[in-house]
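The values are calculated or read from the model by the stated rules, or taken from the named source; none is laboratory data. Quick caveat, the model's predicted, so the values are computed rather than measured. All Cβ positions, glycine included, derive from the backbone under ideal geometry; neighbour counts span all protein chains shown. Ligands, DNA and RNA are excluded from the accessible area calculation, which covers all protein heavy atoms including side chains. Shrake-Rupley method; radii C 1.70, N 1.55, O 1.52, S 1.80 Å.
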Amino acid sequence: MGRTIFLLISVVLVAYYVYIPLPDAIEEPWNVVWKTAFVKIGTDLASFGEFLGISHFMETLQLLMRFQEVPPTSDENVTVMETAFDSVPVRIYIPKRKSMTLRRGLVYIHGGGWCLGSAAEFTYDTLSRWTAHKLDAIVVSTDYGLAPKHHFPRQFEDVYRSLRWFLQKDILEKYGVDPRRVGVSGDSAGGNLAAAVTQQLIQDPDVKIKLKVQALIYPALQALDTNVPSYQEGSHFPVLTRSLMVRFWSEYFTTDRGLEKAMNLNQHVPMESSHLLQFVNWSSLLPERYKKSPVYKNPTPGSSELAQKYPGFIDVKACPLLANDNILHHLPKTYIITCQYDVLRDDGLMYVKRLQNVGVHVTHHHVEDGFHGAFAFPGLKLSERMQNQYLSWLIKNL
């Protein structure tokens with residue numbers, strides 16, 4: 001009897017975690033199902049631990065993800081080392097083959113919802129050493145303080161300090177980097193930080209060396225409207241759901257669950273900040289095929305108290321889509337990846353449109369069968385194709 005009950009419970013658990021409805025267009029569905037199942041198990045463990053009062057949701061996930069970290073080991077193609085740029089930990093990847101000229105430089109910023117991940121994580125270490133070798137570039141993979149221990153603007157400030165340090169003439173000379181060929185890149189929350197520091201850099205008179213390119217991989221770019229069409233569609237998207245993305249956004253600013261609740265209801269932007277909604281108005285910025293409704297409705301105004309306590313969600317350094325056109329006009333060549341089955345799809349699409357409107361040279365790669373996390377998804381054919389297109393663009397433009 002006991003064995004039968006155990007078997008039934010096991011079957012139910014496996015069915016719960018393995019049954020994940022996926023869009024028909026997604027390639028290698030079982031590969032995606034297993035990856036998504038592991039994410040689901042991790043988030044359920046974190047939720048259970050938080051419910052019991054054992055550990056904060058994000059701290060449990062951080063603990064689980066530390067098992068995916070690898071040491072800075074050099075290989076036959078790339079020398080890997082760890083150091084600090086203005087007290088910010090970084091991992092540097094240097095091609096071993098001789099170069100007769102100065103190399104490109106690329107600062108990479110990992111994703112993880114401003115709460116998770118590190119330069120030492122296996123997927124990011126693999127990506128950085130591959131990029132350094134294939135691009136023949138010095139790749140700086142930077143860390144930054146994570147929530148819930150650190151909130152905005154700490155993440156932004158850490159990345160900006162690291163980038164500014166790297167852009168010093170003597171530091172570039174030390175690593176053999178051509179100051180005319182430096183770029184920044186990042187995925188998800190890292191794409192958010194890459195976009196934000198690129199905007200900040202063009203306004204910084206103390207930094208003489210500027211970026212040549214920015215490459216943003218399904219970036220998170222705004223927290224004002226959590227009901228854009230891709231958020232509405234994304235309740236059951238693979239890897240990153242709407243509720244998890246809202247949790248990441250709220251944790252970026254505070255551990256106060258009141259903000260998360262308001263963001264889930266899309267009732268967090270106060271009336272006095274409603275003028276900012278013009279910058280994220282999807283009815284004017286999205287292509288027709290992505291508009292769920294012909295009538296756009298502004299989010300219901302929220303409490304002024306939340307914005308006063310946690311002003312980050314209306315700060316351009318946290319939400320790069322809020323930048324005005326005068327700033328956007330001066331941005332460097334830009335590459336943006338968006339994925340069809342991603343809650344952040346519309347953030348990227350709106351940024352593409354706004355940059356195009358002010359004359360920025362933008363290359364937009366929309367992946368029709370893509371989903372959030374696909375770019376660095378181990379063993380997935382789609383991931384390989386996305387990375388190769390990304391590399392091709394960097395070879396031509398950096």
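Structural remarks
- FRET efficiency estimate (nearest 0.05) - Cβ-Cβ, Glu157 to Gln278, R0 35 angstrom: 0.80
- Phi to ³J(HN,Hα) by Karplus 6.51 cos²θ - 1.76 cosθ + 1.60 over the stretch 47-54, Hz, x for Gly, Pro: 5, 5, x, 5, 4, 7, x, 7
- Viscosity 1.306 mPa s, 10 °C: Kirkwood-radius Stokes-Einstein D of the stretch 262-371 over Cα pairs, µm²/s: 104
- Relative contact order of the stretch 234-378, pairs being alpha-carbon contacts under 8 Å that are 6 or more residues apart, as %: 26
- D_trans [Stokes-Einstein, Kirkwood Rh over alpha-carbon pairs] for the stretch 104-198, 4 °C, 1.567 mPa s, µm² s⁻¹: 97
- Fraction of alpha-carbon pairs over 25 Å apart in the stretch 54-161 - percent: 24
- Dipole axis of the stretch 297-398 (+1 Lys, Arg; -1 Asp, Glu on Cβ), positive-most option in Ala318, Met350, Val360: Val360
- Accessible area expressed per residue, the stretch 282-398, with surrounding protein chains retained (probe 1.4 Å, Å²): 43
- Global form of the stretch 211-336, assessed from the alpha-carbon gyration tensor, a/c cut-off 1.5: rounded
- Note on Lys208: aspartates and glutamates with a C-alpha under 14 Å away, same-chain residues under 8 apart excluded, are Asp170, Asp178.
- Two numbers describe the Cα atoms of the chain: Rg and Dmax, which are 20.9, 75 Å.
- Estimated [θ] at 222 nm from DSSP helical runs (n ≥ 4, -39500 (n - 2.57)) normalised by residues in the chain, nearest 500: -12500 deg cm²/dmol
- Placing +1 on each Lys and Arg Cβ and -1 on each Asp and Glu Cβ, with no other charges, gives the chain a dipole about its Cα centre of roughly 840 debye.
- The simple Förster model, with R0 at 56 Å and r as the Cβ-Cβ distance, assigns Thr255 and Thr101 a FRET efficiency of 0.70.
- The HN-Hα couplings worked out from phi for the stretch 176-190 by the Karplus form 6.51 cos²θ - 1.76 cosθ + 1.60 (θ = phi - 60°) are x, 9, 6, x, 8, 9, 10, x, 10, 8, x, 10, 6, 4, x Hz, whole numbers, x standing for Gly and Pro.
- DSSP-loop trypsin sites (Lys or Arg not before Pro) across the stretch 267-329, with at most 13 other Cβ within 10 angstrom: Lys292, Lys297
- Share, in percent, of DSSP beta bridges within the chain that are antiparallel, nearest 5: 30
- Paramagnetic reach from Asp325 (point 7 Å along Cα→Cβ, amide N under 12 Å) across the stretch 343-361: 354-360
- Annotation for the stretch 266-305: chymotrypsin sites (Phe, Trp or Tyr not before Pro) lying in DSSP loop with at most 16 further Cβ atoms inside 10 Å of their Cβ are Tyr296.
- Accessible surface of the chain, 1.4 Å probe, proportion on carbon and sulfur as whole %: 57
- Over the chain, relative contact order from alpha-carbon pairs under 8 Å, at least 6 apart, %: 15
- A straight Cα-to-Cα reach below 12 Å connects Lys98 with the aspartates and glutamates Asp136, residues fewer than 8 places away in its own chain not being considered.
- Accessible surface for the stretch 58-156, divided over its residues, is 42 Å² per residue with a 1.4 Å probe.
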